[in-house]
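Colleague: My questions will all concern the structure given below.
The values are calculated or read from the model by the stated rules, or taken from the named source; none is laboratory data. Because the structure is a prediction, the values reported are computed rather than measured. Cβ coordinates were reconstructed from backbone atoms using ideal geometry, including for glycine residues, and neighbour counts include every protein chain displayed. SASA here: full protein model, heavy atoms, side chains in, ligands and nucleic acids out. Shrake-Rupley method; radii C 1.70, N 1.55, O 1.52, S 1.80 Å.
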Amino acid sequence: MKRPFMKKFIYLFVAVFGLFACSESEDIDIVYPEGSGNEELPLELAVDSVQVFKQMLSGHAEASRLGLQFQFSDIEPTGVYVKPNANLQIEVSLLAGSDYPQLLVGTYSHGDDWNTQPQTYDLHEGMNQIAVNEEGGMLYIRYTADNQPKGEVKVNFKDGWEHSPLYRYKKTSNANWKRMLAKFSDLPTATLVGEKEFLVVSLEKAMEYQDENQDELLKAIDDILKIQGDLSGMDGSEKIHEPIAHKLLLVEYSGSDYYMFAYTHRTAYRKSDAIHYVLDPWAIKNEGWGPWHEIGHMHQMAAWTWSEIVESTVNLYSLAVEKEFGITPSRYNRDNRWEEVRNYLALPDDQRIFNSNQADVWVRLGMFYQLQLAFGKHFLKELHKHIRKTQPVIYSKEDKMRTFMLAACQVSGKDLSGFFQKWGMNFSNSEAVYEEIANLWLLEPDSDISLLTD
């Protein structure tokens, strides 16, 4: 089983709550929701009982297209909650295509177990009767296809469900958010939905941060995802480089094992301390290395991420966010990492082994950072795009190293053999790789790239 990327140390970062105010004196429409006792409820506090979903590409298909090691969240939040052991009634009407969606009850990692899984139910035309388990939870719709999604369905939540606090970017006001949190205080979970992400947190934490600016929070996370998507070459220049179709789940995790982590469908943040940093707007923009890092894991490409650099190259995405947010000097400079790089590069040839303990994750990051400094801000973007288009066949760690080395030479237009040898990129078949590089007939760089710092 794959394990999540775990953080045992504490990052300083916080997330942002945003405000989209509307007047308290405006006329309020009333909705009479089925399944909640027909209680009169102001429209702006109510979850839609009828929702329409268009089919999307599956998480697997999108990860394959973009070459990602993890799938984003190919589920859509509904804002509907079901209590444990409820008898849920859902009516489904097919509007286009021939496929039907799945219903998910519960949220990935939203529990004491880091790998908490939702219960999944296949839906069909007409009335669906679902006996919910003893856990209950938020409801999500997964409506995907591995290719050519054409479907559209209408889902009518008829009975056995509850409204829950649901904040929508630029649609919900802070005042109404507070009203939701007070109104639905008997429910355990709250959801905030942005353009590129959705957050699922405990009601307790949502109330703790209710005075923050929710729109500012969601905008900051949108920006992080956009910056990292741009670095990944998701620029729409060709169909294969279209931005990912799915949002990303950021979820509160109530266990004690891990501080925060990234895994398929989500990034997760421990309730006792880490979730703080994705619920405070100022911190996620100014001290948010932790979530930048976890979201970075979601953008790493499988074809050139071998085991020793998983926790190194992820920080290329963090550095990109740090730079775009105008934070100077960079963390690499603040933590004096360049001195560590110089010390490593000064070792005798037989001790400079890139994948050995002589180089920690921060030193290894220096090799990739120097290439970016040498060839400009678009180098990494073009590297992602090149590898995505060439779709190399990968069987081993050595294949991943070869893929990266060849692509770096082809994208930069330079023979980087000397640079890689200086960094100790020597492995079982490295001589064959250096011969492949020589056969590209490229010129060497004009200066020694291994001396570069920012």
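Colleague: Of the residues K178, K154, K183, only one is surrounded by 15 or more Cβ atoms within 10 Å (Cβ to Cβ) and in contact (Cβ under 8 Å) with a residue 40 or more places away in the chain; which?
Modeller: K183
Colleague: Quickly run through the stretch 103-127 and pick out the residues that are out of contact with any Gly (no Cβ under 9 Å at 6 or more places or on another chain) and more than 14 Å from M138 (Cα to Cα).
Modeller: Matches in the stretch 103-127: N115, D122, L123, H124, E125, G126, M127.
Colleague: Then there's this: Considering only the stretch 224-236, state which residues are open to solvent by 10 Å² or more (accessible area, probe 1.4 Å) and in contact with a Lys or Arg (Cβ under 8 Å, 6 or more places away or on another chain).
Modeller: Correct list: L225, K226, D230, L231, D235.
Colleague: Follow-up. With the structure loaded, tell me whether T172 is under 26 Å from the mean Cα position of the chain (by Cα), open to solvent by less than 50 Å² (accessible area, probe 1.4 Å) and hydroxyl-bearing (S, T, Y) or whether it fails that test.
Modeller: Yes.
Colleague: Does the stretch 396-418 contain at least one residue that is closer than 20 Å to L68 by Cβ, at pLDDT 95 or above and in a loop (DSSP other than H, G, I, E, B)?
Modeller: yes
Colleague: Considering only the stretch 359-377, state which residues are free of Cβ contacts under 8 Å to residues at least 40 places away in the same chain and open to solvent by 40 Å² or more (accessible area, probe 1.4 Å).
Modeller: D360, F375, K377
Colleague: Would you point out the residue of the stretch 277-310, among those that are crowded, with 20+ Cβ neighbours inside 10 Å and among the charged types (D, E, K, R), that is farthest from K381 (Cα to Cα)?
Modeller: Among residues in the stretch 277-310 that are crowded, with 20+ Cβ neighbours inside 10 Å and among the charged types (D, E, K, R), the one farthest from K381 (Cα to Cα) is D280.
Colleague: So, one more: For the stretch 237-253, name all the residues that are buried (at least 19 other Cβ atoms within 10 Å of the Cβ) and either among the acidic types (D, E) or within 22 Å of G137 (Cα to Cα) (or both).
Modeller: Matches in the stretch 237-253: H246, K247, L248, L249, L250, V251, E252, Y253.
Colleague: From the residues in the stretch 380-397 that are of a type outside the set (A, V, I, L, M, F, W, C) and open to solvent by 50 Å² or more (accessible area, probe 1.4 Å), which one is nearest to D349 (Cα to Cα)?
Modeller: Here the answer is K397.
Colleague: Residues in the stretch 187-209 that are open to solvent by 20 Å² or more (accessible area, probe 1.4 Å), in contact with a Leu (Cβ under 9 Å, 6 or more places away or on another chain) and farther than 30 Å from I244 by Cα: how many?
Modeller: Residues meeting the conditions: 3.
Colleague: Could you give every pair whose Cβ atoms fall below 6 Å, whose first residue belongs to the stretch 295-323 and is in contact (Cβ under 8 Å) with a residue 40 or more places away in the chain and outside any helix (DSSP H, G or I), and whose second residue is open to solvent by 10 Å² or more (accessible area, probe 1.4 Å) and of a type in the set (D, E, K, R), counting only separations of at least 6 or pairs across chains?
Modeller: The qualifying pairs are W306/K397; W306/K400.
Colleague: Could you please tell me which pairs satisfy a Cβ distance under 7 Å, a separation of 6+ or placement on different chains, a first residue in the stretch 411-433 that is in contact (Cβ under 8 Å) with a residue 12 or more places away in the chain and open to solvent by 10 Å² or more (accessible area, probe 1.4 Å), and a second residue that is among the polar types (S, T, N, Q) and in a helix (DSSP H, G or I)?
Modeller: Correct list of pairs: F419/S450; K422/S450.
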